[in-house]
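Accompanying notes for the structure given below.
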Amino acid sequence: MVSEKMEKALNGQLNAEVYSGYLYLSMAAYFEDEDLAGFANWMRVQAEEELEHGMKFYDYIIRRGASVTLTAIDAPQTQWDSPLKAFEHVLEHEKMVSGLIDDLVNLAIEEKDHATNNFLQWFVEEQVEEEENAMELLSKAKFADGDNRLMYELNKELGERSPSED
């Protein structure tokens, strides 16, 4: 069993992960509109990954005998000034999610909830990877910004991402 406070926090993270999926799906739609199918593919894969993260929280909440509470998901941003601005948003968002995970870990430690702390360690490591990927993509987008040939190559590279890579 988890405490009521932990149950509420875990449900909050479940909903945050679903929002992340929604945000990345919105970015995919933006890139489709910009005729950048490779960028859109990368974001679709990312959206699927975030929804899988949400399901990990869903399953954990149930396994601990708590109740899943789904809340309304805010509408995500739908337009960005450029691909570069979209990738800046990705990094900003991943840093925010890392902070949410850190807050959950701190709560688990405070409550001496070792099982939840153990569960959350996967997400701690995952967020290191997510931020690293976001920084790498942002760096590539900055390098390609304004250069159609490099943007074409980056679009091609991002189009090769598949769910099995993660």
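Quick note: the coordinates plus some simple rules give every number you see, no bench work behind them. Model, not experiment: these values are computed from the prediction. Using ideal geometry, Cβ is built from the backbone for each residue, glycine included, and neighbour counts are taken over all protein chains shown.
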Count of Lys pairs (Cα-Cα under 14 Å; at least 8 positions apart or interchain) in the chain:
4
Choose one answer from N118, N11, N155: the residue with the largest mean-square fluctuation in a GNM of the chain with alpha-carbon springs under 10 Å.
N118
Among L154, W122, V68, the residue whose Cα sits farthest towards the positive end of the charge dipole of the stretch 51-166 (+1 at Cβ of Lys and Arg, -1 at Cβ of Asp and Glu, taken about the Cα centre) is V68
Using a Debye calculation, one point per C-alpha and no hydration shell, please list log10 I(q)/I(0) for the stretch 14-166 at q = 0.18 Å⁻¹ in order.
-1.07
Helix 148-158 sits at what angle to the longest principal axis of the chain, using alpha carbons and giving 0 to 90 degrees rounded to 10?
40 degrees
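Placing unit charges on C-beta atoms (Lys and Arg positive, Asp and Glu negative, everything else neutral), compute the dipole magnitude of the stretch 4-165 about its Cα centre in debye, rounded to 20.
In debye, rounded to 20, the stretch 4-165 gives about 320.
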What whole number of Å gives the distance from the Cα centroid of the stretch 127-145 to the Cα centroid of the stretch 14-67?
18 Å
To the nearest 10 degrees, how steeply does helix 114-144 sit against the main Cα axis of the chain, on a 0 to 90 scale?
10 degrees
Going toward the positive end of the dipole of the chain, with +1 on Lys and Arg Cβ and -1 on Asp and Glu Cβ, which of Q77, A134, M55 do you reach last?
M55
So which residue, out of Q13, Q77, Q46, gets the largest mean-square fluctuation from a GNM of the chain using Cα contacts under 10 Å as springs?
Q77
Multiply the residue gap between V68 and E48 by 0.36 nm, knock off their C-alpha separation, and tell me the result in nm, one decimal place.
5.2 nm
Between M27, M43, M96, find the one with the highest GNM mean-square fluctuation for the chain; connect C-alpha pairs within less than 10 Å.
M96
Based on DSSP H runs of at least 4 residues, each adding -39500 (n - 2.57), what is the mean residue ellipticity at 222 nm of the chain after dividing by all its residues, to the nearest 500 deg cm²/dmol?
-27000 deg cm²/dmol
